[in-house]
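Let me begin by presenting the structure, written as structure tokens, before commenting on it.
The values are calculated or read from the model by the stated rules, or taken from the named source; none is laboratory data. Not measured: the values here are computed from a predicted model. Cβ coordinates were reconstructed from backbone atoms using ideal geometry, including for glycine residues, and neighbour counts include every protein chain displayed. Ligands, DNA and RNA are excluded from the accessible area calculation, which covers all protein heavy atoms including side chains. Shrake-Rupley method; radii C 1.70, N 1.55, O 1.52, S 1.80 Å.
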Amino acid sequence: MSAPGSGQDFKPYIAADAEVPEFTLKAILLGSFFGIIFGAATVYLALRAGLTVSASVPIAVLSIAVFKKLGKSTILENNMVQTIGSAGESVAAGVVFTVPALLFLSNGADYFKYFVIFLLAAIGGTLGVLFMIPLRRPLIVNEHGTLPYPEGTACADVLIAGEKGGNLAKMVFAGVGISMLYKFLYGILGLWRETATWFQTGKDGKIPDATLSCDVTPEYLGLGYIIGPKIAGELASGGVLSWLALIPLISIFVPETRLVEDLTKLGFSEGWRNGHSHAEWIYRAYVRYIGAGAVACAGVMTLVKTLPTIVGAFKESVKSLGAGAGAAKKIRTDDDLGMGIVVVGSIVLAVLIAILPGFPHGPFPGSLIMSLLVVVFGFFFVTVASRIVGIIGTSSNPISGMTIATLMGTCLVFVLMGRTGEAYQPVALCVGALVCIAAANAGATSQDLKTGFLVGATPRRQQIGFIIGVLVSTLVIGGTLFLLDKTYAGGEAHGIGGPKLAAPQATLMATIIKGLLAQNLPWAPVLVGVFLAFMAQMAGAHALSWAVGAYLPLSTTFPIWIGGMMKGLVEKVSHKKQESELSSGMLYATGLVAGGSLGGVLIALVAFTGDSIFHMEKPTLLEKLDLGETFYPILKNGIAGDVLCALVFAGLCLLLVRNARKNLEA
């Protein structure tokens, strides 16, 4: 007899003794396609906003719709599609939150190469799958009634609803269509600007260097709707403090000679200063480090708050792992990849980390320290992530806190071993990156295995599908990083770290490593950020959300806040306390995010085509296609352009609210 809350006697939607098409070629191909698409879209969104959204539910919805057009499919084939496809989103998130930090570390840019990024993504993602395999039975089955796995359960509801009929995909496709059309009209044809500046003062104004600008993009609007008014408000409040309070305050009291001197120390040339506003000078010299200090402190506070949960999760997982060792006879729905594959695969990957040429690991056999740290921290945080997401969901997984803990532990080991030189900064970062990617993918894997458990999938086939999804998506993640980095460089060496691709988490990781190994940070603004994060936490805000907002440009967080307000409006008008993931508003907003992010990647691809294939310099291909500058430059620019941006964005908000209020055909 199974324990209370156990899933030993649970009857899935498809019976264990039923043989239903599952691991088919069409499911593998469509899942791989979605893995590539959502992987590239996640790279774009995570670089710009520092946030991601779970891909399982939208991929499941889209899979049902696509297969309906192509012919018949089974619920297990649709589940396989979302299993393979969602791996792209989780691996891309782990990569973008860590790997771009190489650009901010000493000698790190030498390793910012496609081959290194591919290896980090492939090895980290595969380790996440392998480490999760022995945890499936104790966490997913034995604690079925204890750990709800919210996204996994919602995805199973979508798949079962699709099996029974209905048109859930309509709202997702509507959001994707509107979003991509909107991006095409302003990003390719240039009918209006991406960024509107609704309030700005000069350095000699009554309140100097204050700026309120807004990126009128569909992906930010949709993201704000998904995360809701509270978190969206916390994000924007950090930006308001930075751009409407701290920058003006610093402008009043810091003389320009001191500002120029500090910028020069940080490597910003006179040419760079001539091309950027005075407010941007202050942001780069001081406020960015205040934001980085706030994010670092908030990340550590998140880790400390979740430490009891982390320790408890690890203890419970190990205890239940031992209790489930003596498994009964294998049935189809309880058939995992064998422990031999887990052990041998993990050892092979650990050795590869230590010996691969061109990889930041140092000389062998000392490089085995890196492998050992990856395996120890990796298995620990995979175990933790797999359990935590069962309670709070993938979107709330404190992956930044786990990565910070990994980096702090790794740097402590390096300091004790005397490895404090600049050469070890990329090594420490890569340990953190591999663990971050593994833990992020393990969290998504857990949700998908929960979905499979509920619908009656075969775990072995799902686990093979995860590995396929990891390997396929890694082919495009590195390329997308380089494409965006080059496209948004704006005359600088790299676009990543600039105003359009802020990469807040990666900057945080670099800040921690430099602070611990090199001790060469501008500590004054960093410590100001630390105490501001304490202030936010004491005031009842979620410090990490607020701190990320303080680091990001206000032009990024303000449209996210507007999206959150749209959700608050819909909930008030509809008299709902909280929308479910299967509501029309959430599905439409997911479409906005997916379409807008894909549109951003396609715009970058058009720019890259003009620069690298057609060798167009002045005008560039995008400048050539810009109808706004050709036919009505006065209306597009200046105050008239800001009003135009406000009008089209208001139209996008209206469409979001209208669609969110529609009744969903289940």
Cβ pairs under 7 Å, 6+ apart or interchain, first in the stretch 11-22 and of a type in the set (Ser, Thr, Tyr), second at pLDDT 90 or above and outside any loop (DSSP other than H, G, I, E, B), ordered by first then second residue, are TYR13/ILE75; TYR13/LEU454; TYR13/VAL455
Would you pick out the residues in the stretch 226-242 that are more than 19 Å from the chain's Cα centre (by Cα) and either polar (S, T, N, Q) or under 17 Å from GLY291 (Cβ atoms) (or both)?
-> SER237, GLY238, GLY239, VAL240, LEU241, SER242
Exactly one of (1) touching a strand residue (DSSP E or B) at 6+ places or on another chain (Cβ under 9 Å); (2) farther than 23 Å from TYR182 by Cα; (3) not hydroxyl-bearing (Ser, Thr, Tyr) is unmet by PRO553. Its number?
-> (2)
Just name the residue that is modelled with the lowest pLDDT out of those in the stretch 203-254 that are charged (D, E, K, R) and open to solvent by less than 10 Å² (accessible area, probe 1.4 Å).
-> GLU219
Surrounded by 24 or more Cβ atoms within 10 Å (Cβ to Cβ) and on the phi > 0 side of the Ramachandran plot, is that true of GLY124?
-> no
Failed item, numbered, when VAL99 is tested on (1) at pLDDT 90 or above; (2) in contact with a Gly (Cβ under 7 Å, 6 or more places away or on another chain) | (2)
Please state which one of GLY540, GLY490, GLY549 is surrounded by fewer than 19 Cβ atoms within 10 Å (Cβ to Cβ), modelled with pLDDT of 80 or more and either outside any loop (DSSP other than H, G, I, E, B) or among the small types (Gly, Ala, Ser) (or both).
-> GLY540
In the stretch 547-560, what residues are of a type in the set (Phe, Trp, Tyr) and farther than 16 Å from ALA536 by Cβ?
-> PHE558
Only one of (1) closer than 20 Å to GLY563 by Cα; (2) in a helix (DSSP H, G or I) does not apply to LYS624, and that is (1)
Using the structure shown, decide if LEU47 is within 30 Å of LEU266 (Cα to Cα) and at pLDDT below 90.
-> yes
How many residues are open to solvent by 10 Å² or more (accessible area, probe 1.4 Å) and part of a helix (DSSP H, G or I) if we restrict to the stretch 255-283?
-> 17
Could you please let me know if LYS636 is of a type in the set (D, E, K, R), within 18 Å of PRO218 (Cβ to Cβ), open to solvent by less than 40 Å² (accessible area, probe 1.4 Å) and at pLDDT 85 or above?
-> no
List the number of the failed condition for TYR13; all other conditions in (1) out of contact with any Leu (no Cβ under 6 Å at 6 or more places or on another chain); (2) surrounded by fewer than 24 Cβ atoms within 10 Å (Cβ to Cβ); (3) at pLDDT 90 or above hold.
-> (3)
Check whether at least one residue in the stretch 198-215 is of a type in the set (Asp, Glu) and not in a loop (DSSP other than H, G, I, E, B), and report yes or no.
-> yes
Would it be correct to say that ILE399 is at pLDDT 70 or above, of a type outside the set (Asp, Glu) and within 29 Å of the chain's Cα centre (by Cα)?
-> yes
Matching entry among LEU554, LEU508, LEU483 (being touching a helix residue (DSSP H, G or I) at 6+ places or on another chain (Cβ under 6 Å), within 20 Å of ILE399 (Cβ to Cβ), buried (at least 19 other Cβ atoms within 10 Å of the Cβ) and not hydroxyl-bearing (Ser, Thr, Tyr)) = LEU508
Given (1) open to solvent by 10 Å² or more (accessible area, probe 1.4 Å); (2) among the aromatic types (Phe, Trp, Tyr); (3) under 18 Å from TYR225 (Cβ atoms), number of the condition PHE534 does not satisfy | (3)
Hits in the stretch 95-105 - residues which are part of a helix (DSSP H, G or I) and touching a Leu at 6+ places or on another chain (Cβ under 9 Å) = VAL95, VAL96, VAL99, PRO100, ALA101, LEU102
Residue that is farthest from GLY88 (Cα to Cα), among those in the stretch 459-479 that are in contact with a Leu (Cβ under 9 Å, 6 or more places away or on another chain) and open to solvent by 10 Å² or more (accessible area, probe 1.4 Å) = ARG460
Within the stretch 21-48, restricting to residues that are within 16 Å of VAL95 (Cα to Cα) and out of contact with any helix residue (DSSP H, G or I) (no Cβ under 6 Å at 6 or more places or on another chain), the one that is most open to solvent (accessible area, probe 1.4 Å) is ILE37
Would you mind stating whether ILE226 is under 30 Å from SER583 (Cβ atoms) and in a helix (DSSP H, G or I)?
-> yes
Which condition breaks for LYS577 when tested against (1) open to solvent by 40 Å² or more (accessible area, probe 1.4 Å); (2) modelled with pLDDT of 90 or more?
-> (2)
Residue hits (the stretch 624-666; more than 30 Å from PHE608 (Cα to Cα) and touching a Ser or Thr at 6+ places or on another chain (Cβ under 8 Å)) are ASN659, ALA660, ARG661, LYS662, ASN663, LEU664
Which residue pairs have Cβ atoms under 8 Å apart, sit 6 or more places apart or on different chains, and have a first residue in the stretch 602-626 that is over 20 Å from LEU191 (Cβ atoms) and a second that is among the hydrophobic types (A, V, I, L, M, F, W, C) and part of a helix (DSSP H, G or I)?
-> PHE608/LEU483; THR609/LEU621; ASP611/LEU621; PHE614/LEU621
